[in-house]
Structure formats: C-alpha cells, structure tokens
Amino acid sequence: MLFSIFYLHNPLKITKIFLFVFMLFNPVFLYLANYISSDTLFLSLSIIWFTILLWIIYSPNIKLIIFHALILFLAFTIRYNALYYPLISFVAFLLYKKKIITKIIGLIFSILIVYSFIQYNREKYFELSGYKQFTPFSGWQMANNAMYAYKFVPNKEVKKVPLKFKELDKMIRDYFDSTRNNPNHPEEKLIASTVYMWTPTAPLNLYMNKKLNIDSLDKSELKHWSTIAPIYKEYGVFIIRNYPWTFTRYYLIPNALKYYVPPIEFLGQYSTGKDVVHPIAQRWFQYNSNKLTTIFKDFKVNVLNYFPILVGIMNIIFLMGILSFLLLNGLRKCNFLKNSIFLITLLWIANFIFSVFASPIALRFQLFPILVMITFTFLFIEYLLKEALIPKN
C-alpha cells in the first residue's frame with residue numbers, strides 16, 4: 001500500500017521515511033502474528049484490497065478487476081468485518097470516469113462472487129439449522145449489544161415482550177437482578193463488551209442449552225449457535241426498538257468512544273499472560289516445549305500501551321486534516337488526491353458505523369483502517385506544511 005501511495009501521490013522524502021518507520025517497526029504486528037488467529041491474514045488481505053482499489057481509481061485494467069474480486073472474496077470468507085467492503089469497492093469503481101466497460105465488468109464480477117458466497121452460506125446454514133442466514137454471529141451480536149443497554153432499564157419500566165421471548169427475557173432480567181452490584185461478577189462493570197456472547201453462565205448460552213436440550217457431551221456447537229441465532233436477532237432488534245435512547249446512551253456512545261481509542265484487549269499480555277500453551281499451539285509454532293519464556297520480566301506488553309492514545313490523537317488529526325484540506329482548496333490544487341481522499345473518508349465513515357453498531361471494537365479489529373488513516377494523515381500534514389510555507393503576495 002505504501003509503495004502505491006508513494007507512486008501515485010509522490011510525497012516528500014521525510015513523509016516517506018516517517019511512514020516506512022511506522023509500518024516496518026510497528027511492534028503490534030509482531031505480537032499480533034504470535035497468535036493463532038485470522039487477524040493477520042485478514043489485515044493483509046484488507047491492505048491488498050485497498051491498494052488495488054487505489055490503482056483501480058487511477059488506472060484500471062482487467063487484471064486488476066479480477067484480482068480485486070478474488071481478494072474481496074477471500075476477505076469476505078475470513079472476517080465478518082468485510083461486510084461493508086463491497087460498498088467501498090462500488091464507489092471506487094464509480095470514481096474513475098473512463099473505461100466504462102471495464103468498470104461494469106468489475107462491478108458485475110465483484111457482485112456475483114460476493115453474492116454467490118452469501119447465498120452459499122445461507123444454504124449451508126439452512127441445512128445445518130433450518131434458518132437461512134449469512135452468519136449466526138450477527139444474531140448473537142445483536143442480542144449481546146441489546147443486553148448492554150437493557151440492563152440499565154429499571155424493572156418498573158420494562159415493557160411487555162412477545163410470548164416467544166418471554167422465557168428468554170425472564171432469564172435475562174433475573175440475571176441482571178442477581179449480578180447487579182455483585183462483587184462476584186466483575187464482568188458486569190464492562191461497558192459495550194462481548195461478555196454476554198461468550199460466557200457459558202450468561203443467559204444467552206444458558207437459554208440455548210435449555211431450549212435445544214444440549215448436554216455436556218453434545219459437541220455440535222456450530223449447529224446450536226446457528227439454530228438459536230435468528231431468535232436472538234429478533235430479540236435484540238425488539239429491545240433496541242423499544243429502548244432506542246437507552247441503547248444509544250449505554251451502547252452506541254460508549255462504543256463510539258472505544259472506536260476513538262480502541263482497547264488493546266488481550267494484546268496487552270504476551271500469550272494472554274499464561275506461561276504454557278495448549279498442544280495445538282505447541283505444534284503450530286513448533287515449540288520444543290509447551291513452556292513459554294520471555295526476555296522481559298513478565299508477560300505484560302507495555303510497548304503497546306501507547307497505541308490507543310496514538311490512535312485517538314491520529315483520529316483527531318485525520319478529521320481536522322480533511323477539514324483543513326477542503327478549506328484550503330486542496331481538492332482544486334491537488335486534484336490527483338481527490339479520489340483517494342474521497343475513498344479514505346468513505347472507508348473511515350463506513351468502518352465507524354459498522355464498528356459502533358455491529359462489531360466488537362478492539363485494536364486488532366481496527367488495525368487496517370488505522371494504518372490507512374495514519375498514512376493519509378501524513379499526506380494531509382505534508383500538504384498543510386507546504387501551504388504554510390508558500391510565500392504570500
């Protein structure tokens with residue numbers, strides 16, 4: 001991505017140096033790659049996808065179009081966060097005014113490949129659970145998000161729920177009554193988190209076990225998740241619609257603040273703070289032993305503590321940079337940057353809306369938009385410095 005931006009926009013040498021140092025010596029990459037997860041793969045695919053979009057809006061060709069569709073497809077299969085990527089791709093194709101046939105082919109090919117994957121998923125989940133759905137994660141996430149607002153609704157203000165939600169609603173209200181201000185449940189102090197999705201003793205998992213008659217020997221976890229997800233989606237939508245201000249106050253606003261300063265989550269501790277790993281991790285990393293060692297005095301990753309602060313500062317500089325760029329007639333003076341700036345702004349807005357409304361927010365989930373944002377922030381700073389140094393007549 002850096003090489004593409006340097007080639008297309010040709011920033012000053014000092015800007016190139018800053019960006020190279022930030023990208024090449026960024027410690028978060030090392031710690032992120034040390035986990036067996038899809039995070040690094042999704043981050044790489046996202047960077048490739050956006051880099052291709054930059055080339056498409058300036059110099060599209062059939063090879064780029066096909067490669068873009070394949071990368072978009074791969075990202076779509078790996079991470080739920082790619083749901084808004086097709087929107088960005090669609091706008092990128094529209095930004096280039098020439099080669100209409102090439103744009104049409106690219107749009108059709110991208111739409112078909114993504115649509116085919118969505119339909120394939122829906123059919124497979126229908127076979128598994130009896131419900132057509134792209135991903136059961138959305139249903140669980142919707143119910144989880146709604147619960148973080150619902151727990152602040154006083155019992156005397158609780159509205160009547162439809163009969164199909166009555167048992168679930170009672171379990172949730174009883175859970176809130178038993179855990180509120182309870183020192184044995186410190187997780188209840190968390191705001192806009194995902195605890196309700198993953199905690200076995202939380203109502204969502206307990207209701208699933210009861211509703212589907214799951215015993216401890218039943219290992220069909222994906223089937224259970226996908227079977228109950230549509231119910232949780234309906235329930236979550238019902239709660240949000242009936243308590244919109246409470247949802248805004250206790251979920252959306254706190255989540256928006258987390259977007260501004262994303263928590264480092266488990267990246268704050270090497271190997272989640274444990275000095276041993278499971279056998280599968282030992283085989284994956286080809287360790288001689290399951291015992292971990294570190295050159296530091298403990299497993300705390302102090303070097304990443306600055307990252308949320310840095311991201312918060314860069315978010316402000318980025319937004320102010322766009323505003324300053326527009327006020328200083330940057331679109332007219334740097335016409336070649338116009339399409340790129342429109343695309344990165346749309347990416348920031350789309351990611352903000354998606355993250356705040358439908359996704360857990362953590363540093364590892366936000367790394368891709370953060371890297372793109374910081375890259376363009378340096379370009380804005382460079383432009384502003386140039387404008388400031390131009391002699392005034």
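Taking first residues from the range 246-257 that are open to solvent by less than 50 Å² (accessible area, probe 1.4 Å) and partners that are small (G, A, S) and in a helix (DSSP H, G or I), the Cβ contacts under 6 Å between residues at least 6 apart in sequence or on separate chains come to T246/A149; F247/A149; Y251/A149.
The residue of the range 119-133 that is farthest from I78 (Cα to Cα), among those that are surrounded by 16 or more Cβ atoms within 10 Å (Cβ to Cβ) and not polar (S, T, N, Q), is Y131. Considering the range 140-156, the residues that are crowded, with 24+ Cβ neighbours inside 10 Å and of a type in the set (G, A, S) include one that is farthest from P203 (Cα to Cα), namely A146. Considering only residues in the range 213-230 that are open to solvent by less than 40 Å² (accessible area, probe 1.4 Å) and over 24 Å from the mean Cα position of the chain (by Cα), the one that is modelled with the highest pLDDT turns out to be T227. The residues listed here are S359, S355; of these, the one that is of a type in the set (S, T, Y), at pLDDT 90 or above and closer than 30 Å to F137 by Cβ is S355.
The values are calculated or read from the model by the stated rules, or taken from the named source; none is laboratory data. Note that this is a predicted model, so its numbers are computed, not measured. In this analysis, Cβ positions are derived from the backbone assuming ideal geometry, glycine residues included, and neighbour counts consider all displayed protein chains. Each accessible area value is taken on the protein alone, full model and side chains, heavy atoms only, with ligands, DNA and RNA left out. Shrake-Rupley method; radii C 1.70, N 1.55, O 1.52, S 1.80 Å.
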